[in-house]
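The values are calculated or read from the model by the stated rules, or taken from the named source; none is laboratory data. Fair warning: this is a prediction, and the values are worked out from it, not measured in the lab. In this analysis, Cβ positions are derived from the backbone assuming ideal geometry, glycine residues included, and neighbour counts consider all displayed protein chains.
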Amino acid sequence: MIDNRSRSFLFMAIAACAIAISPRPAHAHAFPSAEDPKVGSTLQTPPSRVVITFDSPIESLFAKLAVVGPSGDDVTAGAPAVDANTRQLSVPLRALKPGEYTVRWSVVAEDSHRTEGSYTFDVAGPSQ
């Protein structure tokens, strides 16, 4: 026969195991882990596309990526695309002239949390 002290210990052990193995929702957001071109970089050669790598998977249906030129015009040359592993978001660019460009992104992680942000890079003009 089990005494009250042993019964309490057994109950606590079972409860602790149940809590430890119960599924819990992930509360992760997708944040950039790498950008190409890099944040704040100055490029001598204009890039042909922008690629952002995220630290967790993103939903392709809700992924947005836009690049705006010095005069405020959209310089993307197509729709944003998410790669097969759902961690990279990219967009092709038109030919870029010298100036500052702003990259604006918005994604939804697979756990349904939205994140967004922006950064700039520069394309250098011809050498004098």
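Residues are listed down the side, and each one gets a yes or a no for (1) on the phi > 0 side of the Ramachandran plot; (2) not β-branched (Val, Ile, Thr):
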site: ILE52; (1), (2): no, no
site: SER56; (1), (2): no, yes
site: ARG87; (1), (2): no, yes
site: SER90; (1), (2): no, yes
site: GLY99; (1), (2): yes, yes
site: TRP105; (1), (2): no, yes
site: SER112; (1), (2): yes, yes
Note on the stretch 50-77: residues crowded, with 16+ Cβ neighbours inside 10 Å and within 18 Å of THR102 (Cβ to Cβ) are VAL50, VAL51, ILE52, ALA63, LEU65, ALA66, VAL67, VAL68, GLY69, VAL75, THR76
If you go through the stretch 69-102 one residue at a time, how many are of a type in the set (Lys, Arg) and either in a strand (DSSP E or B) or farther than 18 Å from ALA34 by Cβ (or both)?
2
Subset of the stretch 90-105 that is β-branched (Val, Ile, Thr) and within 14 Å of TYR119 (Cα to Cα) - its residue that is farthest from the chain's Cα centre (by Cα):
THR102
Using beta carbons and a limit of 8 Å, which pairs, at least six apart or on different chains, have the first residue in the stretch 82-96 and within 11 Å of GLY69 (Cα to Cα) and the second one part of a loop (DSSP other than H, G, I, E, B) and aliphatic (A, V, I, L, M)?
LEU93/VAL75; LEU93/ALA77; ARG94/VAL75; ARG94/ALA77; LEU96/VAL75
Using the structure shown, decide if VAL39 is modelled with pLDDT of 95 or more and in a loop (DSSP other than H, G, I, E, B).
yes
Test for TYR119: is it buried (at least 17 other Cβ atoms within 10 Å of the Cβ) and out of contact with any Phe, Trp or Tyr (no Cβ under 7 Å at 6 or more places or on another chain)
yes
Determine if the stretch 47-67 includes at least one residue that is in a strand (DSSP E or B) and farther than 23 Å from ALA30 by Cα.
no
Taking only the stretch 59-89 into account, find how many residues are within 15 Å of ARG104 (Cβ to Cβ) and within 11 Å of the chain's Cα centre (by Cα).
4
